[in-house]
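Everything on this sheet refers to the single structure shown next.
The values are calculated or read from the model by the stated rules, or taken from the named source; none is laboratory data. Worth saying up front: this structure is predicted, and the values here are computed from it rather than measured. As a convention, Cβ positions derive from the backbone with ideal geometry for all residues, glycine included, and neighbour counts pool all protein chains shown. These area figures cover heavy atoms from the full protein model, side chains too; ligands, DNA and RNA do not enter into them. Shrake-Rupley method; radii C 1.70, N 1.55, O 1.52, S 1.80 Å.
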Amino acid sequence: MDDLQNARKRFKAALDEHEKVLKDRLQKIESKENSIEARLEALYRKKIEIAEANGDINASDDDLIEVNAGGKIVSAKRSTFTLMKGTRLEALFSGRWDKKLQRDHKGRIFLDVHPAGFRAIVDHLNEVAISSEESVPKSPRIDERHKNILRHQMELFGLQTTNLPDSEIIIDTIEEKVCLHNWLKEEDSDGDFTLLYRGSRDGISSESFHSKCDGKGCTSTIIETTEGFVLGGYSNTPWSSTFMKVSAPSAFLFVISGFPTPWKMKLKNKEDTDALYM
């Protein structure tokens, strides 16, 4: 009987100690939670202060914005100007910087750009906004004498950071180009593209691929499936024909179209020595 009572006492003491430890941990968690909430509240207030100082906190996608583009007035909804997320054009017209933008004598946003190029960009964005996913316009249209102006403005607003080579299936919408270049920038690997290999032109075989791509530095491989998905991969390690597994710390796979949204799949472990098979 004494042994049973002693066992009960030990069990109760252990249970009390366990409850005490849990209570201490919960108090610490609650304290950290309160601290995080306070920091989030402070950050939110700071965000509002910055927004009020620099922009319009009540900016809406339905706002009608008039832009004086080199003396010509171009009007569109804010949602049109901000259609291409992650671009300088989107940031410029997001509302975050409305109070800092240069204005003309009538209060319209003034941009010192050629009106023909800017009009072509806005017209294209309007077309993209009303087009279905199956028939998205490929690029803005403009007359031959203004093509260089358009190209410079595309680069200025971050809509086309560099030119991709012509191909039968290469990604060619502004949004897809920006998406891929942003992913490459994350790896400090963005730059001009040179078409090395195209299956329809060079033959679909490993020998043909390696003859064109081995030793060419960083590469992006883009493939279209029979179902219409466009996907691929990037390697910062040059291709070779060594038939060995190698490391490639910045390598990633990606899906650029065919799904609701593009996505990037990075290596779980950048030290992985089996990232690529050459």
The listed residue being among the aliphatic types (A, V, I, L, M), open to solvent by 100 Å² or more (accessible area, probe 1.4 Å) and part of a helix (DSSP H, G or I), out of 22, 15, 40
40
Please specify each residue of region 61-92 satisfying the condition of being farther than 18 Å from residue 152 by Cβ and in contact with a Leu (Cβ under 9 Å, 6 or more places away or on another chain).
68, 75, 76, 77, 78, 80, 81, 82, 83, 90
Restricting to region 118-163, give me the number of residues that are part of a loop (DSSP other than H, G, I, E, B), aliphatic (A, V, I, L, M) and touching a Leu at 6+ places or on another chain (Cβ under 8 Å).
2
Region 54-67, residues that are touching a helix residue (DSSP H, G or I) at 6+ places or on another chain (Cβ under 9 Å) and either of a type in the set (S, T, N, Q) or open to solvent by 60 Å² or more (accessible area, probe 1.4 Å) (or both):
54, 56, 57, 60, 61, 62, 64
Filter region 100-117 for residues that are part of a loop (DSSP other than H, G, I, E, B) and charged (D, E, K, R); which is nearest to residue 66 (Cα to Cα)?
108
Among the residues of region 84-96, how many are part of a loop (DSSP other than H, G, I, E, B) and either modelled with pLDDT of 90 or more or open to solvent by less than 100 Å² (accessible area, probe 1.4 Å) (or both)?
6
Is it true that residue 48 is closer than 28 Å to residue 129 by Cα and either open to solvent by 30 Å² or more (accessible area, probe 1.4 Å) or in a loop (DSSP other than H, G, I, E, B) (or both)?
no
Can you pull out every residue in region 118-148 that is of a type in the set (Val, Ile, Thr) and either closer than 17 Å to residue 93 by Cβ or open to solvent by less than 50 Å² (accessible area, probe 1.4 Å) (or both)?
121, 122, 128, 142
Single residue of 65, 29, 73 found to be farther than 30 Å from residue 141 by Cα and out of contact with any His (no Cβ under 6 Å at 6 or more places or on another chain):
29
Just wondering, is there one or more residues in region 105-112 that are modelled with pLDDT under 95 and among the aromatic types (Phe, Trp, Tyr)?
no
Which ones in region 97-117 are in contact with a strand residue (DSSP E or B) (Cβ under 6 Å, 6 or more places away or on another chain) and surrounded by 15 or more Cβ atoms within 10 Å (Cβ to Cβ)?
101, 108, 109, 110, 111, 113, 115
